[in-house]
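First comes the structure, then the notes that go with it.
The values are calculated or read from the model by the stated rules, or taken from the named source; none is laboratory data. Computed from a prediction, not measured in an experiment: that's the story for all the values here. Backbone-built Cβ (ideal geometry, glycine too); neighbour counts: all protein chains shown. The accessibility values were calculated without ligands, DNA or RNA, using every heavy atom of the protein model including side chains. Shrake-Rupley method; radii C 1.70, N 1.55, O 1.52, S 1.80 Å.
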Amino acid sequence: MKTRSACILCGSDHSRVRFEKQQREFLECCDCGLMWIDPLPTRAEVEARYRTAYSSGEYAPFAQAHEMRSLISQHRIERVLEVAQSGRWLDVGCSTGSFVAAAVRAGCVAEGLDISREAVEIARESGLLAHHGRVEDFEPTQLYDTITAFDVLEHSPEPQAFVKRLRGWLRPGGTLVLTLPDLRSVYPRFLMGRHWFYFWPDEHLFYWNAETVTRLLRDAGLNVKRISRSHKPLSLDYAARNLENFNAILGRIARAAVGVLPDKLASRVFPLYLGEMFVVARAVPGPATDPIADQMTDGA
Ligand SMILES: [Zn+2]
């Protein structure tokens, strides 16, 4: 664990404690609005978690929910195809490969990269091209036209190095698509405050909004083209079960609430907005554009 009070994004020393949760302070930069947990786990601690996260840890129920994963991936591929370049694709944090599979089904030449050997082996068993390794070490043989990283950035202990690596793997003009929790969404601001399920130590380390993620990407040589709301198609019973991973009490309340619904309704899939953003950026040389003015247009 290491304590870091200076903002990694803007360098400001002015941070304040917004709240505490699970023995972690949530710090907010008073100048740029970036939030992070303090103390932050080290990279080695983060990597140790992922070694077993799939077989025994908190990702196990999610990894097993193949049907839900493929629904989410199908939803994502439809959105990504609207903005992405054809050619070679890489999904960073590909997990067991459901998005890579959806991309291949859509006719793309897609491969994945994941830090979890267990997840990569599952992806390979389904015939997908998946690389096992860390973003810091991976050396692609060719540049990519499109790189996706769904729900990954918030887990990175070194987000600047992370996006710079991804930028380096894109050809000029290539597209980067991210999804991540949005600090300006209605959940942390109005509905749930610090009880928002995505305020999740020590899984989610840095917390972004449209402006801070735009700055992060611009500093790495990427121009943000669009930021919109991201939905996940989920059934209510599945969402309630997963909520227990984030917050045991809220999860139990949600399961009890879903438990009184008719089976048909509880298992029906809805596009749920959980407070995530969908970010599209391009690796284009030249001055950065300002997407903030027309951000948060409603996505699918
Ligand atoms: Zn800052």
Looking at region 211-230, which of its residues are farther than 16 Å from C32 by Cβ, surrounded by 22 or more Cβ atoms within 10 Å (Cβ to Cβ) and polar (S, T, N, Q)? S230
Out of curiosity, is L9 within 16 Å of the ligand (Cβ to nearest atom), outside any loop (DSSP other than H, G, I, E, B), under 20 Å from L216 (Cβ atoms) and open to solvent by less than 30 Å² (accessible area, probe 1.4 Å)? no
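For region 12-25, give me the residue count where each residue is within 14 Å of the ligand (Cβ to nearest atom) and either under 13 Å from H204 (Cα atoms) or crowded, with 19+ Cβ neighbours inside 10 Å (or both). Outline the logic, then answer.
Start the filter on region 12-25 by keeping residues that are within 14 Å of the ligand (Cβ to nearest atom), which leaves 12-16, 18.
Now restrict to residues that are either under 13 Å from H204 (Cα atoms) or crowded, with 19+ Cβ neighbours inside 10 Å (or both): 15.
Adding up the residues that qualify gives 1.
For the condition within 16 Å of the ligand (Cβ to nearest atom) and either farther than 16 Å from P157 by Cα or modelled with pLDDT of 95 or more (or both), what is the one hit in E28, E82? Break it down stepwise before answering.
Values: E82 fails: within 16 Å of the ligand (Cβ to nearest atom).
None of the others qualify; the one that does is E28.
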Region 158-174, residues that are in contact with a Phe, Trp or Tyr (Cβ under 9 Å, 6 or more places away or on another chain) and part of a strand (DSSP E or B): L170, R171, G174
Matching residues in region 136-169 - criterion: being surrounded by 18 or more Cβ atoms within 10 Å (Cβ to Cβ) and over 19 Å from the mean Cα position of the chain (by Cα): Y144, D145
Output the number of residues of region 90-109 satisfying the condition of being among the aliphatic types (A, V, I, L, M) and open to solvent by 30 Å² or more (accessible area, probe 1.4 Å). 3
